[in-house]
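Just so it is clear, none of the values below were taken in a lab; they were calculated from the coordinates. Just so it is clear, the structure is predicted and the values come from calculations on it, not from any experiment. Please note: Cβ atoms are built from the backbone with ideal geometry, for glycine as well, and neighbour counts cover all protein chains shown.
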Amino acid sequence: MQHRIIVLGGGYTGAIAAGRLAKRLRREDVAITLVNAEPDFVERVRMHQLATGQDLRPRPFSEMFAGTGVELRLAKVTRVDVDRKTVTVTDADANGADVTAPGSGAEELAYDTLVYALGSGWNSQAVPGAAEHAYEIAGRPGALRLRERLTRLDAGQTVVVVGGGLTGLECATEIAEARPDLHASVVTDGGLGDWLSPKGREHLRKVLGTLGITVHEHTTVTGVEAERVLTADGTAVPAAVTVWTTGFAVHPIAKATSLEVTGTGQIVVDGTMRSVSHPDVYAIGDAAMAMGPGNKPLRMSCASGTPAAWQAADAIAARLTGGKLPNAPIRYFNQCISLGRKEGLIQYVTADDRAVRAVLTGWPAAVYKELVCKGAAWGVANPTLGLPTRRRRVTRQPAAAGSAVKASA
Ligand SMILES: Cc1cc2nc3c(=O)[nH]c(=O)nc-3n(C[C@H](O)[C@H](O)[C@H](O)COP(=O)(O)OP(=O)(O)OC[C@H]3O[C@@H](n4cnc5c(N)ncnc54)[C@H](O)[C@@H]3O)c2cc1C
């Protein structure tokens, strides 16, 4: 009987895990199914580019996984039952929308091993008016909505980006560069780039100044209205368009299961990305809470999600074939920030993601960041980094449903 592996989510981490498992395990021994709501791989790290009118290269899964043995299931995951070891899905159309015919109901898929990689969406943080009036770029539908809105803005109108983190900075600079006729501003509750090195902060301020971006620092947004944002100090900032980029939130599906999750709904995993409560469930990427160097939780990023996906796939393969468990530590090297198409900032960091003095700036940083994005997409299509691999035979039985496992490194 084939061992059934279901991977939920075909973003950076799920697609890598599915492809890598297919290269590690003998085809006759496993059935690997990748469930995703959209038919192609979305380069989420380029959503600010999509929002500002750039067209991204289509990357259909049907081409990416042709001949690999990974079966694609275009469907929306609505429920996971980790005790019965089933996943409930409904059919999805090319945009990820639910298109289940009335009366046809949902379908249940059974698994022996589950890889949960549903990523995250935007986080309105329940600020009044944000969900109704703000735009977001956490995924393709949101980015396309903003793209359409930006094309209808007249010269001189104001775009306010709320959030001074990596996504907010990339978004504001991309908009300012693509639409110099608009007034772009960033509102952040901290200081501009306050986690960066002095050189990094200085460069950031210089580029934002050159692009004419107004920065409201130490300003907390307390409400969003159709044409302005309200701040804690009682002022109102005019905004024909507000873009909300204050962080990501995971989908509520995992929280509705008996899996051990954090307060925010991320699945708690050990060093092999295996659930600490359910040994047949692995979680990777934004959906997982894994500890990194310095015993700090890994942040939601491709930078840590990609090695986590390798780790999960290799651990599953090792446990099924009796091989050696992977134990490569996951660490950070740099934070790569695009500041439009011509400028960038590469902030080098310690293993646990703290800024060191060294930075790369200017056009070399823009080129570096572009290569990183290209490399990330290449890595999804080449999940073993092009290295030759030997598919191994499955020799172990799956773990019993619902049985507990202790966290191990
Ligand atoms: C604008 C932007 C810029 C970024 N820049 C960087 C960067 O420079 N460096 C970096 O490291 N990180 C960056 N990130 C963060 C990075 O994109 C995420 O951390 C990463 O994509 C997480 O990977 P993932 O596989 O967990 O989730 P995702 O890539 O989000 O993939 C999740 C997948 O699951 C699918 N899915 C979700 N729900 C369902 C469902 N119910 N049913 C079926 N399918 C579903 C989605 O369609 C998607 O394909 C950026 C993010 C954004 C938005």
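Structure above, values below:
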| read-out | value |
| --- | --- |
| Within the chain: Cβ-based charge dipole about Cα centre, in debye rounded to nearest 20 (Lys, Arg +1; Asp, Glu -1) | 1720 debye |
| Of all DSSP beta bridges in region 1-140, antiparallel share, percent nearest 5 | 45 percent |
| Residues of type aspartates and glutamates that Lys369 reaches as a straight line, Cα spacing below 18 Å, ignoring anything fewer than 8 places off in the same chain | Glu43, Asp55, Glu170, Glu174, Glu177, Glu343, Asp353 |
| FRET efficiency, Ala66 to Arg149 (Cβ-Cβ, R0 35 Å, nearest 0.05) | 0.45 |
| Using θ = phi - 60° and Karplus 6.51 cos²θ - 1.76 cosθ + 1.60, couplings along region 28-39 (whole Hz; Gly, Pro as x) | 6, 8, 10, 10, 9, 10, 9, 9, 9, 6, 10, x |
| Karplus (6.51, -1.76, 1.60) ³J(HN,Hα), θ = phi - 60°, over region 150-162, in Hz, Gly and Pro reported as x | 4, 5, 8, 7, 8, 3, x, 6, 10, 10, 10, 9, 8 |
| Difference of contour (0.36 nm per residue) and Cα-Cα distance, Ser258 to Thr395 | 46.5 nm |
| Antiparallel DSSP beta bridges within the chain, as percent of all bridges there, nearest 5 | 50 percent |
| Amide H within-cut-off set for Val215, under 5 Å, with H built and near neighbours excluded | Val186 |
| Under-5 Å amide H pairs with Gly119, H placed in peptide plane, nonlocal only | Asp286, Ala287 |
| Rh (Kirkwood; distinct C-alpha pairs) - region 127-255, Å | 15.0 Å |
| Residues Arg24, Arg79, Arg341, sorted so that the one with the fewest Cβ neighbours within 10 Å comes first | Arg79, Arg341, Arg24 |
| Label-to-label distance, nm, for residues given as Glu225 and Ala351 (7 Å Cα→Cβ offset) | 5.2 nm |
| Amide H partners (placed H, <5 Å) of Ala37, local residues excluded | Gly10, Ala75 |
| Cβ-based net charge around Arg59, under 9 Å, with every Lys or Arg adding one and every Asp or Glu removing one | -2 |
| Protection proxy ranking, peptides 134-141, 180-187, 3-10, average beta carbon neighbours within 10 Å, highest first | 3-10, 134-141, 180-187 |
| Under 28 Å from the Cα of Lys76 - lysines, other chains or at least 8 residues apart | Lys23, Lys85, Lys255, Lys374 |
| Region 312-370-region 128-149 distance, computed between alpha-carbon centres (Å) | 28 Å |
| Value of relative contact order over the chain, rounded to a whole percent, pairs C-alpha under 8 Å and six or more apart | 19 percent |
| Whole-Hz ³J(HN,Hα) from phi, Karplus 6.51 cos²θ - 1.76 cosθ + 1.60, for region 265-281, glycine and proline x | x, 6, 7, 7, 10, 8, x, 9, 6, 8, 3, 6, 10, 10, x, 9, 10 |
| Calculated P(r) of the chain - Cα pairs past 27 Å, % | 52 percent |
| Added length on full extension, which subtracts the Cα-Cα distance from 0.36 nm per residue, Asn382 to Ala328 | 17.5 nm |
